[in-house]
Amino acid sequence: MNQNLSSYRIFYAVANTGNISKTAKELYISQPAISKSIQKLEENLGVKLFDRSSRGVTLTQEGELLYTHVKSAFETLTIGEDKLRRSAALGMGSLAIGASSTLCKYILLPYLKDFIKQYPHISISIACHSTNHTLRLLEDGKLDIGLIGKPENCKSINFYSLKEIKDIFAATRDYLHNLSVRGINRRHILQSSTLLLLDRENMTRQYINNYFQEHHIFLQDAIEVSNMDLLIEMTKISLGAGCVIQDFVQAELKSGALIEIPLEHPIQKREIGFAHNKTSKISKSLEQFIEFYEKYKL
């Protein structure tokens, strides 16, 4: 667009009123300034836009063509302004959240259930990825906030701890019985089992690998999956000993569907919480979500 917006606004107003004097009063601009603006616009476009008479001005054929598009443009701007005002009045906005499918199911959804009751007009999108992938998306500014396991280095993020979780190994009674029949004692269960583990991209797996290395536990056989829910289901059908999060199998442990394998060296608890990029601008929606989860109690 070669002309500035004010020239088109003056053209639009004159076309609507059909009178330069009346337009001058509406826009609080002098008549000479309006006439000069129209004249300059006509010169720049190389066409005559108005026919002048003692009764006012009327659009030429070229002016009618331009008016159709200018009218559409200003109506679109008006609609945009109206939507923006309504958005501000209703507290509308958007929030992009990252979390693993497991943390989303067991931790995030209870928060969102109550959050959307308070802020029903905020549009929420959820990207299910591992903690490491979520951290990369936060760093790239592609997510507003992530629900993650606390990383070793928190320099680039603000981390708000929600709770501690405990990783355990569990198996069915049948699977443990079969190990016992084979003469495998309690101290060697992990070394002798088929271990069901999350894949190496997952921060949980990296945490468990460090545990193995620290206690000199060497894997003989392992099945890797990308989803904790799938890992739990595989453990329940006796495919192996699964590394699961204790909180997420409470029902199975209570019913006896799964049995926690006692470890000579228990796995230390770790933290999960919400994180957002320290350097990214905090939107109104994110500000409201942060205020919400800092007060919320599960």
**Message:** Against the definition (of a type in the set (Phe, Trp, Tyr), assigned to a strand (DSSP E or B) and either under 18 Å from the mean Cα position of the chain (by Cα) or surrounded by 15 or more Cβ atoms within 10 Å (Cβ to Cβ) (or both)), how does Tyr160 come out, yes or no?
**Reply:** yes
**Request:** Please identify the pairs in which a residue from the stretch 173-187 that is over 20 Å from Ala257 (Cα atoms) has its Cβ atom under 6 Å from the Cβ atom of a residue that is small (Gly, Ala, Ser), counting only partners at least 6 apart or on another chain.
**Result:** Ile184/Ser192
**Request:** Kindly indicate which of Ile165, Ile208 is within 30 Å of Ile282 (Cβ to Cβ), buried (at least 18 other Cβ atoms within 10 Å of the Cβ) and in contact with an Asp or Glu (Cβ under 9 Å, 6 or more places away or on another chain).
**Result:** Ile165
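Residues checked against (1) surrounded by 18 or more Cβ atoms within 10 Å (Cβ to Cβ); (2) in contact (Cβ under 8 Å) with a residue 24 or more places away in the chain; (3) of a type outside the set (Val, Ile, Thr):
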{"residue": "His216", "(1), (2), (3)": "no, no, yes"}
{"residue": "Gln220", "(1), (2), (3)": "no, yes, yes"}
{"residue": "Ile245", "(1), (2), (3)": "yes, yes, no"}
{"residue": "Leu253", "(1), (2), (3)": "no, yes, yes"}
{"residue": "Ala257", "(1), (2), (3)": "no, yes, yes"}
{"residue": "Ile272", "(1), (2), (3)": "yes, yes, no"}
{"residue": "His276", "(1), (2), (3)": "yes, yes, yes"}
**Request:** Restrict the check to the stretch 288-296 and report whether at least one residue is among the aliphatic types (A, V, I, L, M) and either farther than 30 Å from Leu137 by Cβ or over 32 Å from the mean Cα position of the chain (by Cα) (or both).
**Result:** no
**Prompt:** In the stretch 109-147, which residue that is assigned to a helix (DSSP H, G or I) and free of Cβ contacts under 8 Å to residues at least 24 places away in the same chain is farthest from Glu294 (Cα to Cα)?
**Reply:** Arg136
**Asked** Has the stretch 268-287 got at least one residue that is part of a loop (DSSP other than H, G, I, E, B) and over 30 Å from Gly93 (Cβ atoms)?
**Response** yes
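Listed here are the residues, each with its yes/no results for (1) assigned to a helix (DSSP H, G or I); (2) under 17 Å from Ile165 (Cβ atoms); (3) of a type in the set (Lys, Arg).
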site: Leu196; (1), (2), (3): no, no, no
site: Arg200; (1), (2), (3): no, no, yes
site: Arg205; (1), (2), (3): yes, yes, yes
site: His216; (1), (2), (3): no, no, no
site: Leu219; (1), (2), (3): no, no, no
site: Glu224; (1), (2), (3): no, no, no
site: Ile232; (1), (2), (3): yes, yes, no
site: Val244; (1), (2), (3): no, yes, no
site: Val249; (1), (2), (3): yes, yes, no
**Request:** For Glu75, indicate whether it is at pLDDT 90 or above and exposed (fewer than 14 other Cβ atoms within 10 Å of the Cβ).
**Result:** no
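The values are calculated or read from the model by the stated rules, or taken from the named source; none is laboratory data. Worth saying up front: this structure is predicted, and the values here are computed from it rather than measured. Every residue, glycine as well, gets a Cβ built from its backbone with ideal geometry; the counts of neighbours run over all protein chains shown.
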